[in-house]
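Notes to accompany the following structure.
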Amino acid sequence: MTFKVMRAPQLRTGTAEAKRDEIRRYFQSTWDLYENLFSLMDGDQAFLTRADPLRHPLIFYLGHTAVFFINKLVLAKFINERVNPRFESIFAIGVDEMSWDDLDENNYDWPTVGEVWAYRKEVRAVIEKVIDDLPLNLPITWEDPFWVVLMGIEHERIHLETSSVLIRQLPLDLVTPGDDWPLCGDSGPAPANDLLDVAGGRVVLGKSRDHDLYGWDNEYGRLESDVAPFRASRYLVSNGEFREFVETGGYRTERWWTDEGWAWRNFRQAEYPAFWIIDTDGDFRLRCLAEEIPMPWDWPVEINQLEAKAFCNWKAEATGQPVRLPTEEEWYRLLDVSGIKDQPEWDPAPGNINLAHQASSCPVSANITAGFGDVVGNVWQWTETPITGFPGFQVHPLYDDFSTPTFDTRHNMIKGGSWISTGNEATRHARYAFRRHFMQHAGFRYIESESEAEVREDVYESDALVSQYCEFHFGQDYFGVPNFMVTAAGICRDIVGDRKIGRALDLGCATGRATFELARFCDHVTGIDFSARFIRVGLELQRKGITRYSIIEEGELVSYHEKTLEGLGLADTREKVEFRQGDAHNLKEQFTGYDLVLACNLIDRLYDPERFLKHISGRINPGGLLVLLSPYTWLEEFTPKQKWLGGLKIDGENVTTLDGLRSRLEPGFRMITEPRNVEFVIRETGRKFQHTASQMTVWEKSG
């Protein structure tokens, strides 16, 4: 490579000013490397073409990493002004194919490529100033300001890799090979693969809060496991080894596939791996980053988890042995046996990783450690293990949807990193997962083991705050106080009367009960919440009709609960609701034209409620209703005091929140009923409850 990639900085050593300089250089090298990748794009059309039907065009990813920085810095209150609010809405969400991502291109009016490049230049200047000005004390922990800067840097390094996968899927006439991204020049026949013994032993997964490197939330905690002995393939499965599966009808034989895998195979009409190309002579070629080359049969095959699983089932039938993918624990056992050290202790890199060599895979026999090829690097390795948190898992308050949306048993772990994995991705504790049909620079090695793969699953929602809101929305009534969401929606129904409500918006919907309740009398209801942790509950109810959660009784004792839409009398609302993630201050343009907007206990948790009122008023139809409920619990941790709508003295006079609402909503809205109190009870534990009264006001927009 023509550039040297910096390794992840250590966060507990050195002086503060030296560390500030190192982080500044780490940011700059990451930013430059990311932009250099996009130099492979040949013209603006390359940025606007969908490389993958389930992903946004690459213009989204060009803007997304810069927007991520700004949104997190605003959320952390390290900057007060946005750079471009429109960009910071449209480029905010839509990376993974989560069901609340809106991938309908009719809803996107993408800016020009030049505008996005100019935006990135503005954002870079903002970030460099933040790095210069933020206080820095060692050690840097995830409570410290600089953790947010590192979060943005590592996030961009993730998208360096995911964007390279999309570039690899673009038509060749939209990309141009670059000197900074040379391919490996070595290839030959595939080596014969065999199995080597791996001794059993105890593995410890997870890292402590005082670890010296940056980590994502799912890396922390601790899980100890005893791994039984197994045998692992000497090499990653090569293109040549996988070819036998293809030629013996692997993609046409249903019994080797899981139900999910066969459904995917039929949907895609797959006959061979996605990066294999058949030329006019009937020979296979390999699509690399920006060019096609004659098939390097000794490079690792790159496929999704469903294909890898089918190969293992085929191999098991052919050999009569218990062949399968390794679990996460078994991969760690192989790593321990190999003796490979963690970054930054290795020098040179222990394989084809961290862009230490070329911008492609290389032969599976090129990097041998303790007898095994590519324990780390070359391509990611699929596992049997769906991702979930370790005991002690906590979300970071500034990025609560990094991991939790993937704790759904549908996202399987990939381990070991690829040739373009850098920073956190190239560390021992890195834990990344993708949907099983997803494409990455990912392959696999197989193992033989008499032990069945044990799969850890998050079946019950256990996040304390989310579980608390599940009970608040769907649980029993306490102390004779009716369900708050049901009551609020019922009052809305009474006020609406004979009006036809075509579109309604439940803003700050949390886990979604009011969204479903509004759908009893509204044609269509959108539930929007800032937290992906919350809306995935409503989404699960909509999809499956059921959700499960645990709630604290006392101490570490919990009880388990199951709720169904049918049991709540809401089964017929499933087709009338949708859930989206969004910022109430900065909604995407398509969220407009509402006859009813309900905002429960939201306004006193916003950083700029006056801006919200101006923002939402333009999204309500003439004659439409805005229904606000709030206990007016103004706290500076949520809303700067100068932005409170009331609950303070101005010029020596008491100003209530109701006064503030009137002054900001009238005359564009008129209050059509007298304010009323709606009580609610939130259960914290079996013996601790919050009893609160929320004031409801109903406002009609002038015609």
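Of note:
- Being over 25 Å from the mean Cα position of the chain (by Cα), outside any helix (DSSP H, G or I) and not assigned by TED's automatic domain parsing to the domain that holds Phe393 holds for only one residue in Asp179, Asp226, and it is Asp179.
- When segment 405-439 is limited to residues that are of a type in the set (A, V, I, L, M) and in a loop (DSSP other than H, G, I, E, B), the one that is farthest from the chain's Cα centre (by Cα) turns out to be Ile420.
- Strands (runs of 3 or more DSSP E) wholly inside segment 552-600 containing at least 1 residues that are at pLDDT 90 or above, closer than 30 Å to Leu613 by Cα and in contact with a Gly (Cβ under 7 Å, 6 or more places away or on another chain): 577-581, 594-600
- With respect to being within 30 Å of Gly582 (Cβ to Cβ), in contact (Cβ under 8 Å) with a residue 12 or more places away in the chain and out of contact with any Ser or Thr (no Cβ under 7 Å at 6 or more places or on another chain), Asn424 fits the description.
- As a summary of the residue check, Gly392 satisfies the conditions (1) closer than 29 Å to Asp197 by Cα; (2) in contact with a Gly (Cβ under 6 Å, 6 or more places away or on another chain) except for the one numbered (1).
- Residue check for Val198: touching a Leu at 6+ places or on another chain (Cβ under 6 Å), buried (at least 19 other Cβ atoms within 10 Å of the Cβ) and either of a type in the set (Val, Ile, Thr) or within 30 Å of Asn424 (Cα to Cα) (or both): yes
- Residue among Thr427, Thr388 that is at pLDDT below 95, touching a helix residue (DSSP H, G or I) at 6+ places or on another chain (Cβ under 9 Å) and crowded, with 17+ Cβ neighbours inside 10 Å: Thr388
- A count restricted to segment 313-339 and to residues that are over 25 Å from the mean Cα position of the chain (by Cα), within 12 Å of Val376 (Cα to Cα) and in contact (Cβ under 8 Å) with a residue 60 or more places away in the chain stands at 3.
- Looking only at segment 504-547, and only at residues there that are among the hydroxyl-bearing types (Ser, Thr, Tyr) and in contact with a Lys or Arg (Cβ under 8 Å, 6 or more places away or on another chain), the one that is nearest to His396 (Cα to Cα): Thr547
Results for (1) of a type in the set (Asp, Glu); (2) outside the structural domain of Leu598 (by TED's automatic domain parsing); (3) closer than 30 Å to Gly623 by Cβ, shown as yes or no for each residue.
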{"site": "Phe479", "(1), (2), (3)": "no, no, no"}
{"site": "Asp506", "(1), (2), (3)": "yes, no, yes"}
{"site": "Cys509", "(1), (2), (3)": "no, no, yes"}
{"site": "Phe516", "(1), (2), (3)": "no, no, yes"}
{"site": "Asp523", "(1), (2), (3)": "yes, no, yes"}
{"site": "Ile552", "(1), (2), (3)": "no, no, no"}
{"site": "Tyr560", "(1), (2), (3)": "no, no, no"}
{"site": "Thr564", "(1), (2), (3)": "no, no, no"}
{"site": "Arg580", "(1), (2), (3)": "no, no, yes"}
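- Here Gly185 meets each of (1) touching a helix residue (DSSP H, G or I) at 6+ places or on another chain (Cβ under 8 Å); (2) closer than 24 Å to Val364 by Cα; (3) part of a loop (DSSP other than H, G, I, E, B) with one exception, condition (1).
- Yes/no for Glu653 being over 30 Å from the mean Cα position of the chain (by Cα), loosely packed, with under 15 Cβ neighbours inside 10 Å and over 24 Å from Ala489 (Cα atoms): yes
- Complete set of residues in segment 272-292 that are farther than 17 Å from Gly443 by Cα and either in contact (Cβ under 8 Å) with a residue 40 or more places away in the chain or not aliphatic (A, V, I, L, M) (or both): Asp279, Thr280, Asp281, Gly282, Asp283, Phe284, Arg285, Ala290, Glu291, Glu292
- Unmet criterion (only one of (1) buried (at least 22 other Cβ atoms within 10 Å of the Cβ); (2) among the β-branched types (Val, Ile, Thr); (3) touching a helix residue (DSSP H, G or I) at 6+ places or on another chain (Cβ under 6 Å)) for Val323: (1)
- Meets criteria (in contact with a Pro (Cβ under 6 Å, 6 or more places away or on another chain), within 30 Å of Leu286 (Cβ to Cβ), in contact (Cβ under 8 Å) with a residue 24 or more places away in the chain and surrounded by 13 or more Cβ atoms within 10 Å (Cβ to Cβ)) for Ser163: no
- Test for Asn412: is it crowded, with 24+ Cβ neighbours inside 10 Å, in contact with a helix residue (DSSP H, G or I) (Cβ under 8 Å, 6 or more places away or on another chain), modelled with pLDDT of 90 or more and closer than 30 Å to Ser467 by Cβ: yes
- Scanning segment 326-359 for residues being buried (at least 24 other Cβ atoms within 10 Å of the Cβ) and assigned to a loop (DSSP other than H, G, I, E, B) gives a total of 7.
The values are calculated or read from the model by the stated rules, or taken from the named source; none is laboratory data. Quick caveat: nothing in here was measured; it's all calculated off a predicted structure. Quick reminder, even Gly has a Cβ in these numbers, built from the backbone with ideal geometry, and neighbours come from all protein chains shown.
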